[in-house]
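Have a look at the structure below, then the notes.
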Ligand SMILES: [Mg+2]
């Protein structure tokens, strides 16, 4: 698994963004807002950070289209097959990822709050098998932070010194039924995460330079503190969707021609290819 050079990550992210917009426009359905929120995070992890022995757990499984598109740009999934089969009856490329059917996806996720428990189990397994090069990455939505199981996993990661594990919170301040501050306010979030013993830092979740800087600093802090790292990545749900970005409405919405055309503007050259 060859890593993408940092200078090439923005172009790769634009390709991921374009592909998932095409998928949702074709399907006229799906969790497009949630997917657009984590494009750069998934691109950064899968193409910029991960080695062959690493595992990525997308806890917010409803953003599966972003994961499929990232894997396609990484060359792990056939893009033609993804385009032909996404959201169709009987497809493997379903609204939530299926387990052990698609290269790069080991677990079914989307039952919210369960991904961190899977991730800590994997990270502990690597420790017990004395595999220091294996790393685990888990992308969690901020809405999932309402789930007690997530905090149980955080406590577990500190207790078992899982410095081979990195969480990234997709911090878009929205969840399916409202703003996170209104549904269940988890602030002050960073203080709570630190109280659970995690190494915490923040990043702009759409900026590859910011993500790389946070990754370096939190990885070092995690090693120094013998604990898991967590990046709270500021993002915009439905980023680029005209009239829908940063709204509850973009959580699950048919992609109209107008919205599709507007959202393509963030795809740069990838969007110009039609
Ligand atoms: Mg959210």
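The values are calculated or read from the model by the stated rules, or taken from the named source; none is laboratory data. This one's a predicted model, so the numbers in the text were calculated from it and none came from an experiment. Don't worry about glycine lacking a Cβ; one is built from the backbone with ideal geometry, like all the others, and counts go over all protein chains shown.
General remarks:
- Taken over the stretch 118-142, the criterion of being within 13 Å of the chain's Cα centre (by Cα) and either surrounded by fewer than 13 Cβ atoms within 10 Å (Cβ to Cβ) or within 16 Å of the ligand (Cβ to nearest atom) (or both) is satisfied by 138, 139, 140, 141, 142.
- Restricting the stretch 147-182 to residues that are within 21 Å of residue 238 (Cα to Cα) and more than 10 Å from the ligand (Cβ to nearest atom), the residue that is surrounded by the fewest Cβ atoms within 10 Å (Cβ to Cβ): 177
- Scanning the stretch 103-110 finds one or more residues that are under 27 Å from residue 186 (Cα atoms), surrounded by fewer than 23 Cβ atoms within 10 Å (Cβ to Cβ), modelled with pLDDT under 95 and within 16 Å of the ligand (Cβ to nearest atom).
- Residue list for the stretch 24-44, restricted to those being surrounded by fewer than 24 Cβ atoms within 10 Å (Cβ to Cβ) and either in a helix (DSSP H, G or I) or on the phi < 0 side of the Ramachandran plot (or both): 25, 26, 27, 29
- Hey, residue 87 out of contact with any strand residue (DSSP E or B) (no Cβ under 7 Å at 6 or more places or on another chain), buried (at least 16 other Cβ atoms within 10 Å of the Cβ) and assigned to a loop (DSSP other than H, G, I, E, B) or not: yes
- Filter result for residue 202 (free of Cβ contacts under 8 Å to residues at least 24 places away in the same chain and at negative phi): no
- Number of residues in the stretch 218-253 that are more than 18 Å from the chain's Cα centre (by Cα) and assigned to a loop (DSSP other than H, G, I, E, B) equals 8.
- Annotation: of all residues in the stretch 195-217 being in a loop (DSSP other than H, G, I, E, B) and touching a strand residue (DSSP E or B) at 6+ places or on another chain (Cβ under 6 Å), the one that is farthest from the ligand (Cβ to nearest atom) is 198.
- When 33, 115, 61 are screened for being in contact with a strand residue (DSSP E or B) (Cβ under 6 Å, 6 or more places away or on another chain), within 16 Å of the ligand (Cβ to nearest atom) and either within 30 Å of residue 242 (Cβ to Cβ) or modelled with pLDDT of 95 or more (or both), only 115 passes.
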